[in-house]
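Asker: Let me give you the structure first, and then I'll get to my questions.
The values are calculated or read from the model by the stated rules, or taken from the named source; none is laboratory data. All of these numbers come straight from a predicted model, not from anything done at the bench. Heads up, the Cβs are rebuilt from the backbone with ideal geometry, glycines too, and the neighbour counts pull from every protein chain shown.
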Amino acid sequence: MVLTPDVESLAAIVEEVRGWDVDPDLAPLHVGDLGWNQQFGAAALAAALRVWHVDDRLAAVGLLDEPDLLRLTVAPELREDEDFVRGFVADLEAEDGRVLPAGEVAVEARFAGPLHELLLARGWAYDEPWTPLVRDLSQEVPETRLRVEDVDPDRLDDRLAVHHAAFDRSTFTAERWRALAQGPAYAHARSLVGYDDRHVAVAMVTVWAGRPGGPGELEPMGVHRDHRGRGHGREICLAAAAALRAVAAAAALRAMGSSHAFVSTPSGNVGGVATYRAAGYDEKPQVRDLRRRA
């Protein structure tokens, strides 16, 4: 049965999802995505989630990133379970709208198993491509030319200024940053700001560690519009990788080690792909959501 969780369940859901094995080459739904959506508050995050249980264990989590877009992750032992997946598909297509509304909708399901095949057989089709990019953290990460600092109350204004200059129409605020920083996923995250040699804030990134020894995610990363074309995107991506790798080195103390840093971007974002590649992130085969037309 699919349920919408309550706020009191969020910490347990986040911790369970954090422990699931994910393939960074597919850039799947990650605990960092739950953490980033905490910016709207715990009640809003809980309302946007759909959860499935099997034998009283969390089996799958769906995040309604938009009312018509569900991003999915499934417990590793159930991804190939055809009986579970068939029931899952029935919930996705239920006329009562328990998961998705009627009409045109999309599902992001970046994991192996029969789900894609079953949805395609029922008339769903592949959507626009996204490109995952992954950096292996087993090797040393080059030092960045930026001065990189962790976001704290003294640097929050710089973080917000870069964010707004990096993303047009952004509505991110100090209140939203505090809300996500208070969420359970942020216990395994860091927000970074990069400063150039004139001490100007030019780039920012938030990195989210998954399970110890698993991949960590960059969400979001941006460069101030007035400082683009100078390699700052490459530098902050290196800083993100270094931060995740440093977390890995401290695994015995904080149990947050990361094996890889990953991110994904629309394949049409040629400049974004080039920035990540310049920072040593390997371009992986494209992935696509599944869309049901109206």
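Asker: Surrounded by 17 or more Cβ atoms within 10 Å (Cβ to Cβ), in contact with a strand residue (DSSP E or B) (Cβ under 7 Å, 6 or more places away or on another chain) and aromatic (F, W, Y): which single residue out of W177, W208 fits that description?
Answerer: Numbers: W177 fails: in contact with a strand residue (DSSP E or B) (Cβ under 7 Å, 6 or more places away or on another chain).
Going through W177, W208 in turn, the sole match is W208.
Yes or no, residue by residue, for (1) in contact with a Phe, Trp or Tyr (Cβ under 9 Å, 6 or more places away or on another chain); (2) touching a residue at least 24 places away in the same chain (Cβ under 8 Å); (3) not in a loop (DSSP other than H, G, I, E, B):
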| position | (1), (2), (3) |
| --- | --- |
| V162 | no, yes, yes |
| S170 | no, no, no |
| R178 | no, no, yes |
| Y186 | yes, yes, yes |
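Asker: Still on this structure, please answer the following. Is it true that A75 is under 17 Å from the mean Cα position of the chain (by Cα), free of Cβ contacts under 8 Å to residues at least 60 places away in the same chain and either over 23 Å from A125 (Cα atoms) or outside the structural domain of A125 (by TED's automatic domain parsing) (or both)? Working first, answer last.
Answerer: Working: under 17 Å from the mean Cα position of the chain (by Cα): yes; free of Cβ contacts under 8 Å to residues at least 60 places away in the same chain: yes; either over 23 Å from A125 (Cα atoms) or outside the structural domain of A125 (by TED's automatic domain parsing) (or both): yes.
Yes; evaluated as a whole, the condition is true for this residue.
Asker: Mind checking which residues of the range 137-163 are under 22 Å from the mean Cα position of the chain (by Cα) and either buried (at least 17 other Cβ atoms within 10 Å of the Cβ) or not assigned by TED's automatic domain parsing to the domain that holds V273 (or both)?
Answerer: Answer for the range 137-163, where residues must be under 22 Å from the mean Cα position of the chain (by Cα) and either buried (at least 17 other Cβ atoms within 10 Å of the Cβ) or not assigned by TED's automatic domain parsing to the domain that holds V273 (or both): L137, V141, V148, E149, V151, R159, L160, V162, H163.
Asker: Let me ask you something else. Does G97 satisfy the condition of being at positive phi, touching an Asp or Glu at 6+ places or on another chain (Cβ under 9 Å) and in a loop (DSSP other than H, G, I, E, B)? Steps first, answer last, please.
Answerer: Working: at positive phi: yes; touching an Asp or Glu at 6+ places or on another chain (Cβ under 9 Å): no; in a loop (DSSP other than H, G, I, E, B): yes.
In short, no.
Asker: Of the numbered conditions (1) under 12 Å from V2 (Cβ atoms); (2) not in a strand (DSSP E or B), V61 satisfies every one except a single condition; which is it?
Answerer: (2)
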